[in-house]
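I have placed the structure first, in the form of structure tokens, so that the comments after it can refer back to it.
The values are calculated or read from the model by the stated rules, or taken from the named source; none is laboratory data. Everything numeric in this text was worked out from a predicted model, so none of it was measured. Cβ placement follows ideal geometry from the backbone for every residue including glycine, while neighbour counts extend to all protein chains displayed. Heads up: the accessible areas ignore ligands, DNA and RNA and are worked out on the full protein's heavy atoms, side chains in. Shrake-Rupley method; radii C 1.70, N 1.55, O 1.52, S 1.80 Å.
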Amino acid sequence: PCGTTSGLVCSDVVVPLDRSGVVPGTVTLHVETLAPSGTPRGTVFLIAGGPGQGSAHVFDLGSADNANLFRFLFPGYTLVAYDDRGTGASGLLNCPGLQTATTPDGEDALAATCASSLGAQAQFYGTADHVEDLDAVRTSLGVDKIALFGVSYGTKLALAYASAYPDHVERLVLDSVLPPSLPDPFSANVARSIPATLAAFCNGVCNAATHDFAGDVTTVAN
């Protein structure tokens, strides 16, 4: 038992850092489970965004108010929220210098220092690793089929899991969908959409200043 919500159970699920076994080590996943108050209908995993948000911390089922909200949204479902590897209470990755930077100046050096501090383990915190961790949690709970409620990056993880393990997915609820092919690390898709978006936003009102608002802004940006 944990938190202030009656019936909330916290547990740990230990998974390999590298499932190929080349790089040794394990990650301990913090899992929170709350049984339904009514007739059982299934199990739903609550998956937060980011990437970087720990789902157990974001959804905070230990709070009675939050527990009541998600029981209302998913009546009859056992609620499961766990912190992905590298987040929350699941081996939090912590690079204070980079995380507290307020300007772009020097962020490249801070990012390099952060990556260097992670060493060989840095390559094992991607969506594919999250998918396998999610299935490990499902297996540990002894549940065959699960519903997935994903928000933002959580939708990408939910879709990736459904693609890898379709036989274990009952249904998907997706909020603020992030397609599996995104985000582009260089935000090229955003850059491509800027001219048309700016032109539609200005819609003639900017003519006193410029007849090509989108062109002027993108020229400056380049």
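What are the pairs, 6+ residues apart or on separate chains, where a residue within the stretch 58-84 that is within 22 Å of Leu134 (Cβ to Cβ) and modelled with pLDDT of 95 or more has its Cβ under 7 Å from a residue that is among the hydroxyl-bearing types (Ser, Thr, Tyr) and open to solvent by less than 10 Å² (accessible area, probe 1.4 Å)?
Between residues of the stretch 58-84 that are within 22 Å of Leu134 (Cβ to Cβ) and modelled with pLDDT of 95 or more and residues that are among the hydroxyl-bearing types (Ser, Thr, Tyr) and open to solvent by less than 10 Å² (accessible area, probe 1.4 Å), the close pairs are Ala81/Ser55; Tyr82/Ser55; Asp83/Ser55; Asp83/Ser90; Asp84/Ser55; Asp84/Ser90.
Report, ordered by the first and then the second residue, all pairs with beta carbons closer than 7 Å, sequence separation of six or more or different chains, a first member in the stretch 132-147 that is under 14 Å from Leu79 (Cα atoms), and a second member that is open to solvent by 10 Å² or more (accessible area, probe 1.4 Å) and assigned to a helix (DSSP H, G or I).
That search, which allows pairs on different chains as well, returns Arg138/His168; Lys145/His168; Ile146/Arg138; Ile146/His168.
How about the stretch 69-113: which of its residues are in a loop (DSSP other than H, G, I, E, B), open to solvent by 50 Å² or more (accessible area, probe 1.4 Å) and farther than 22 Å from Val151 by Cα?
Scanning the stretch 69-113 gives Asn94, Thr100, Thr102, Thr103, Pro104, Asp105.
Restricting the stretch 1-29 to residues that are open to solvent by less than 40 Å² (accessible area, probe 1.4 Å) and touching a Cys at 6+ places or on another chain (Cβ under 7 Å), which is nearest to Leu134 (Cα to Cα)?
Among residues in the stretch 1-29 that are open to solvent by less than 40 Å² (accessible area, probe 1.4 Å) and touching a Cys at 6+ places or on another chain (Cβ under 7 Å), the one nearest to Leu134 (Cα to Cα) is Leu8.
Please enumerate the residues belonging to the stretch 20-36 that are in contact with a helix residue (DSSP H, G or I) (Cβ under 6 Å, 6 or more places away or on another chain) and part of a loop (DSSP other than H, G, I, E, B).
Correct list: Val23 only.
Here are some conditions: (1) open to solvent by less than 80 Å² (accessible area, probe 1.4 Å); (2) within 26 Å of Asp18 (Cα to Cα); (3) among the polar types (S, T, N, Q). Gln123 meets all but one. Which one does it not meet?
(1)
List every residue pair whose Cβ atoms sit under 8 Å apart, with the two residues 6 or more apart in sequence or on different chains, where the first one lies in the stretch 25-42 and is at positive phi and the second, anywhere, is in a strand (DSSP E or B) and open to solvent by less than 50 Å² (accessible area, probe 1.4 Å).
Gly42/Tyr77; Gly42/Thr78; Gly42/Ile146; Gly42/Ala147
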